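Enquirer: Before I ask anything, let me first share the structure, which is written out below as structure tokens.
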Amino acid sequence: MNARKVWSLVILAAGLSLVLSCGSTDMGITSTVKAKLVADEIVKAAQIDVTTSNGVVTLTGNVDSDVAKSRALELAKETKGVVKVIDMIAAKQASGGGDAPEPARSLGEVMTDSGISLSVKNQLLDDPQVKGLNIDVDTRDGVVFLTGSVGSDSEKLRAIQLAKDTKGVKDVQANLTLQKS
């Protein structure tokens, strides 16, 4: 074998070793879980945030169904190096639930959900106690889903209250994690 081929094999082996060893680090676990979510046909990976700390994976987001939620949790739990999975996923259900198709909604209803999201987001951004840029707002059939991080329990309670007080809101589902400064 010539020297060039030997060096190529050494570099390839080193790269493979690095990839395999990264799988057990928090960053490697996070990357692996995200890759599994992207490859899965049931889960919409863009709807789920993945973080890992000391092998504990936290899944946060709003998915379209309980099936997608269960599948995402299953994929994370099956990942090598995962010690525990924390479920911060909310499943958005269309009225009627189950496998039934989502009922047709008029343009006014769609705009109402969008309008509610916009109103809630504006409330969060305008409030001096809440860091609204750290909170994602989605609305489905009048149910507001808050996802993100807050600095304190009082900020979390304030964000929930602002959402509940917004016109048109039927319920609030908060997936807000406490982030230490």
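Enquirer: Name every residue in the stretch 121-158 that is under 15 Å from THR60 (Cβ atoms) and either outside any strand (DSSP E or B) or assigned by TED's automatic domain parsing to the domain that holds GLN47 (or both), in order of residue number.
Expert: ASN134, LYS156, listed by residue number.
Enquirer: Scanning the stretch 143-181 for residues that are exposed (fewer than 14 other Cβ atoms within 10 Å of the Cβ) and within 17 Å of the chain's Cα centre (by Cα), which turns out modelled with the lowest pLDDT?
Expert: Out of the qualifying residues, it is GLN179.
Enquirer: For the list (1) assigned to a helix (DSSP H, G or I); (2) of a type outside the set (Lys, Arg); (3) surrounded by 17 or more Cβ atoms within 10 Å (Cβ to Cβ), I need the number of the one condition that THR52 fails.
Expert: (1)
Enquirer: Just to be sure before I move on: is THR60 hydroxyl-bearing (Ser, Thr, Tyr), in contact with a Gly (Cβ under 9 Å, 6 or more places away or on another chain), free of Cβ contacts under 8 Å to residues at least 40 places away in the same chain and assigned to a strand (DSSP E or B) in the structure I sent?
Expert: no
Enquirer: Filter the stretch 63-102 down to residues that are touching a helix residue (DSSP H, G or I) at 6+ places or on another chain (Cβ under 6 Å) and closer than 23 Å to ASP113 by Cβ and give me whichever is modelled with the lowest pLDDT.
Expert: Ranking the qualifying residues of the stretch 63-102, first place goes to ALA91.
The values are calculated or read from the model by the stated rules, or taken from the named source; none is laboratory data. Because the structure is a prediction, the values reported are computed rather than measured. Backbone-built Cβ (ideal geometry, glycine too); neighbour counts: all protein chains shown.
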